[in-house]
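So the structure is just underneath, and the comments pick up after that.
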Amino acid sequence: MRSPAIAQRGHRGVQRVHVVGRPLSDYIRYELAAYGENAAAGEDIRIADRSAHRELDNLGEDFTIFDAGTSDASVILFRYDARGRLHGYRHATDQETVMRCGVQYGLALTCSVPLNEFMSSV
């Protein structure tokens, strides 16, 4: 299963929570190393370790929330094939999907630490 990277974009900036498990795969290590440039540009990147937070076990969906907390909130859901390759996207504006993703994002956020803190423990 692919580890979700959940991003929320709103009027306050861009924040991402990437849920990972241990041991980290080579690809996840590559992704984490590449986040340095995004962080330098001002993105708030946080990492949630599924190994330390069993409540994250059911999170497996990648999505981005736009305009969170507003009446215009929407979600882009990323779809992957069985091999983990990006297959496409789905844009959702329905309240149920937006709220479900918001709850998942909140859970991941509460279990996360800043990127530099996580990287110092790897």
TODO: Considering only the stretch 28-62, state which residues are small (G, A, S), farther than 17 Å from N116 by Cα and under 12 Å from the mean Cα position of the chain (by Cα).
DONE: G60
TODO: Check every one of the strands (runs of 3 or more DSSP E) wholly within the stretch 27-105 and list those with 3 or more residues that are modelled with pLDDT of 95 or more and aliphatic (A, V, I, L, M).
DONE: 44-49, 74-80
Open item on the list: Which pairs turn up if I take residues in the stretch 93-122 that are closer than 21 Å to V14 by Cβ and look for partners that are in a helix (DSSP H, G or I) and basic (K, R) with beta carbon separation below 8 Å, at least 6 apart in sequence or on another chain?
Closed with: none
Open item on the list: For a quick check of your reading of the model, give me the residue pairs whose first member lies in the stretch 21-38 and is within 23 Å of D57 (Cα to Cα) and small (G, A, S), whose second is loosely packed, with under 14 Cβ neighbours inside 10 Å and modelled with pLDDT of 90 or more, with beta-carbon atoms closer than 6 Å and at least 6 apart or on different chains.
Closed with: G21/S51
Task: Restricting the stretch 90-122 to residues that are under 15 Å from the mean Cα position of the chain (by Cα) and more than 21 Å from G21 (Cβ to Cβ), the residue that is surrounded by the most Cβ atoms within 10 Å (Cβ to Cβ) - done: V98
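Residue by residue through the stretch 62-77, note down the ones that are buried (at least 17 other Cβ atoms within 10 Å of the Cβ) and among the acidic types (D, E).
D62
The values are calculated or read from the model by the stated rules, or taken from the named source; none is laboratory data. What you see is a predicted model; the values in this text were computed from it and never measured. Positions of Cβ are generated from backbone atoms using ideal geometry, with glycine treated the same way; all protein chains shown enter the neighbour counts.
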